Amino acid sequence: MKTKVFIDGSEGTTGLRIFERFEGRDDIELLKIPTELRKDPATIEQFINASDITFLCLPDAAAVEAAAMAKDDVVIIDTSTAHRTEEGWAYGFPELSAEHRNAVRNGRRIAVPGCYASGFIGIGYPLVKMGILPEDYPVSVFAVSGYSGGGKKLIAAYEEEGRDQKFDSARMYAWGQSHKHLKEMKKITGLAAEPLFCPMTTNYHSGMVVQVPLFVDRLAKHVTPEELRDLFAEYYKGEKFIRVLPYGADVEAGGALFSDACAGWDGMEILVTGNSERIVVATRFDNLGKGASGAAIQCMNIVLGCDEAKGLNL
């Protein structure tokens, strides 16, 4: 018997990528809402409650309204920011711990992490959990993403014919330190304060790098870059979506990481580099893959009890 799936917001960037990942799957029946009714509340409620699983690919306020329409037996997988720190919602990053995976497996309400948040939490959660990063450490996060992470309007601005030449350069933003991912960055990792976060987008479609610099003498445990790399490898051992690169991979690559190298891939790379005084830990992945749509499909696969990577590119 096929699982009935509805995508509320299927015409947005995330929704379209989820839709694409169902191609060739014979275990899914997609419930397709008529275009002219896709914003009609009564019709939306009908489709949500006719489904086994509904993906919400909506702005926050609309996601809250849609989630409230769902009966208890419908699994809601929300890709918005709205429920990521809400009680009763599983946080959809199953690799973080057995508890996270079980919460997704048994959950009826699942919140998919944000793209920047995924990149940071994939680093920060293990560091805190392993007792290396103090909860009161003054964390800084530097990140670059393809413009697709900004949604349809930003994509249109970058791709329109005769666009403003300013889009040829890096677009640095979120100067006011109020980025919507900061709340989950703090809560999920268990940090005492939100990180100082400096993101940018630039002139390519998808892929991202998230970097966390660390001063060794401020850590709770003294570690070398090589030791820290091995600790991450052990932490994520057996996780098919997480690839911890060998120590020195940055040197072999000419000392540079290109942020679009994982575009189209649904996993996440972790790289550790630095010296005895300063270490940098970085994640590299597709902001539309492990950072959004791919993560949402992974969560659905866990709920269904099938291979976590089914329909995904690993």
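The values are calculated or read from the model by the stated rules, or taken from the named source; none is laboratory data. Predicted model only: the values in this text are computed from it and were never measured. Quick reminder, even Gly has a Cβ in these numbers, built from the backbone with ideal geometry, and neighbours come from all protein chains shown.
Could you grab me the full set of residues in segment 78-94 that are under 25 Å from residue 270 (Cβ atoms) and either under 12 Å from the mean Cα position of the chain (by Cα) or surrounded by 24 or more Cβ atoms within 10 Å (Cβ to Cβ) (or both)? Quick ask: steps written out before the conclusion?
Of segment 78-94, the ones under 25 Å from residue 270 (Cβ atoms) are 79, 81, 84-85, 90-94.
Residues satisfying the conditions are 79, 81, 84, 90, 91, 92, 93, 94.
Can you list the strands (runs of 3 or more DSSP E) found entirely within segment 27-90 that contain at least 1 residues being touching a Phe, Trp or Tyr at 6+ places or on another chain (Cβ under 8 Å) and closer than 26 Å to residue 186 by Cα? Give the derivation first.
Numbers: elements: 28-31, 53-56, 75-78.
Filter on segment 27-90 gives 53-56, 75-78.
Here is a check on your reading of the model: is residue 291 among the small types (Gly, Ala, Ser) and under 18 Å from the mean Cα position of the chain (by Cα)? Write out each step before concluding.
Working: among the small types (Gly, Ala, Ser): yes; under 18 Å from the mean Cα position of the chain (by Cα): yes.
The answer is yes for residue 291.
Give the residue that is nearest to residue 137 (Cα to Cα), with candidates limited to residues of segment 211-267 that are among the hydroxyl-bearing types (Ser, Thr, Tyr) and within 26 Å of the chain's Cα centre (by Cα).
Among them, the one singled out is 235.
Any idea which residue in segment 200-253 is surrounded by the most Cβ atoms within 10 Å (Cβ to Cβ), counting only those that are of a type in the set (Gly, Ala, Ser) and on the phi < 0 side of the Ramachandran plot? Spell out the reasoning first.
Filtering segment 200-253 for residues of a type in the set (Gly, Ala, Ser) gives 206-207, 220, 233, 238, 248-249, 253.
Adding the requirement that they be on the phi < 0 side of the Ramachandran plot leaves 206, 220, 233, 249, 253.
Details: 206: 24, 220: 14, 233: 17, 249: 15, 253: 13.
Among those that are of a type in the set (Gly, Ala, Ser) and on the phi < 0 side of the Ramachandran plot, it is 206.
Looking at residue 295, is it buried (at least 17 other Cβ atoms within 10 Å of the Cβ) and farther than 16 Å from residue 95 by Cβ?
Values: buried (at least 17 other Cβ atoms within 10 Å of the Cβ): yes; farther than 16 Å from residue 95 by Cβ: no.
Answer is no for this residue.
Any chance segment 248-259 includes a residue that's touching an Asp or Glu at 6+ places or on another chain (Cβ under 6 Å) and outside the structural domain of residue 98 (by TED's automatic domain parsing)?
The answer is no, given that none of the residues of segment 248-259 is touching an Asp or Glu at 6+ places or on another chain (Cβ under 6 Å) and outside the structural domain of residue 98 (by TED's automatic domain parsing).
Could you check residue 260 against (1) charged (D, E, K, R); (2) out of contact with any His (no Cβ under 9 Å at 6 or more places or on another chain); (3) over 17 Å from residue 95 (Cβ atoms) and say which number it fails?
The one condition residue 260 does not meet is (2).
Just one of (1) closer than 19 Å to residue 302 by Cβ; (2) at pLDDT below 95 trips up residue 147, so point out which.
With (1) closer than 19 Å to residue 302 by Cβ; (2) at pLDDT below 95 applied to residue 147, the lone miss is (1).
Find all pairs meeting these conditions: Cβ atoms under 6 angstrom apart; at least six residues apart or on different chains; first residue within segment 213-228 and in contact (Cβ under 8 Å) with a residue 12 or more places away in the chain and in the same structural domain as residue 137 (by TED's automatic domain parsing); second residue aromatic (Phe, Trp, Tyr) and assigned to a loop (DSSP other than H, G, I, E, B).
Listed by first residue and then by second, the contacts come to 226/247.
What's the number of the condition residue 145 fails, among (1) in the same structural domain as residue 13 (by TED's automatic domain parsing); (2) more than 30 Å from residue 48 (Cα to Cα)?
Result: residue 145 passes all but (1).
Surrounded by fewer than 19 Cβ atoms within 10 Å (Cβ to Cβ) and either closer than 30 Å to residue 29 by Cβ or not acidic (Asp, Glu) (or both), is that true of residue 264?
Values: surrounded by fewer than 19 Cβ atoms within 10 Å (Cβ to Cβ): yes; either closer than 30 Å to residue 29 by Cβ or not acidic (Asp, Glu) (or both): yes.
Yes: the conditions hold for residue 264.
Among (1) more than 21 Å from residue 264 (Cα to Cα); (2) assigned to a loop (DSSP other than H, G, I, E, B), where does residue 23 come up short?
Going through the list (1) more than 21 Å from residue 264 (Cα to Cα); (2) assigned to a loop (DSSP other than H, G, I, E, B), residue 23 breaks only (1).
Within segment 89-114, can you find the residues that are at pLDDT 95 or above and more than 17 Å from residue 53 (Cα to Cα)?
Passing the criteria: 93, 94, 95, 96, 97, 98, 99, 100, 101, 102, 113.
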